[in-house]
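The values are calculated or read from the model by the stated rules, or taken from the named source; none is laboratory data. Keep in mind that this is a model prediction, so the values were computed, not measured. Quick reminder, even Gly has a Cβ in these numbers, built from the backbone with ideal geometry, and neighbours come from all protein chains shown.
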Amino acid sequence: MGIVNIEDELHDQLRKASKASYRSINAQAAFWIRIGMLCEMNPELTFQQVVIRELKEAGVDPGDVRSGDVRSQPVGMDAA
C-alpha cells in the first residue's frame, strides 16, 4: 500500500464518484485504476465488454442484472 498524489480536481471527481457508486474513495480509485489498466491492455474491447468480462470472472452472471430494472436501485440493494 502506498500514497498516490493526484490533482485536487481529480480527487474531487473521485470523491463524487465514490458517493454515486457506493464505494469508499480508495475503492473507487482502485476501480478506476484497474479498469483503466484493463482497457489499455485490451484496446479492442469496449468499456462495457471489459466490465462484463470482469463480472463473469468474478462469478456474476451479467444476464441476471440485465433482466431487471436495476437503474432505480442503489448498488448492492436487492429488490423487495
Being at pLDDT 90 or above and farther than 19 Å from SER21 by Cβ is the requirement here; does GLU54 meet it? no
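Residues checked against (1) surrounded by 10 or more Cβ atoms within 10 Å (Cβ to Cβ); (2) among the acidic types (Asp, Glu); (3) in contact with a Lys or Arg (Cβ under 6 Å, 6 or more places away or on another chain); (4) not in a loop (DSSP other than H, G, I, E, B):
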{"site": "LEU10", "(1), (2), (3), (4)": "yes, no, no, yes"}
{"site": "ARG15", "(1), (2), (3), (4)": "yes, no, no, yes"}
{"site": "LYS19", "(1), (2), (3), (4)": "yes, no, no, yes"}
{"site": "ASN26", "(1), (2), (3), (4)": "yes, no, no, yes"}
{"site": "GLY36", "(1), (2), (3), (4)": "yes, no, no, yes"}
{"site": "ILE52", "(1), (2), (3), (4)": "yes, no, no, yes"}
{"site": "LYS56", "(1), (2), (3), (4)": "yes, no, no, yes"}
{"site": "GLY59", "(1), (2), (3), (4)": "no, no, no, no"}
{"site": "GLY63", "(1), (2), (3), (4)": "no, no, no, yes"}
Condition first: in a helix (DSSP H, G or I), at pLDDT 95 or above and loosely packed, with under 12 Cβ neighbours inside 10 Å. Now tell me which residues in the stretch 38-50 satisfy that. GLU40, MET41
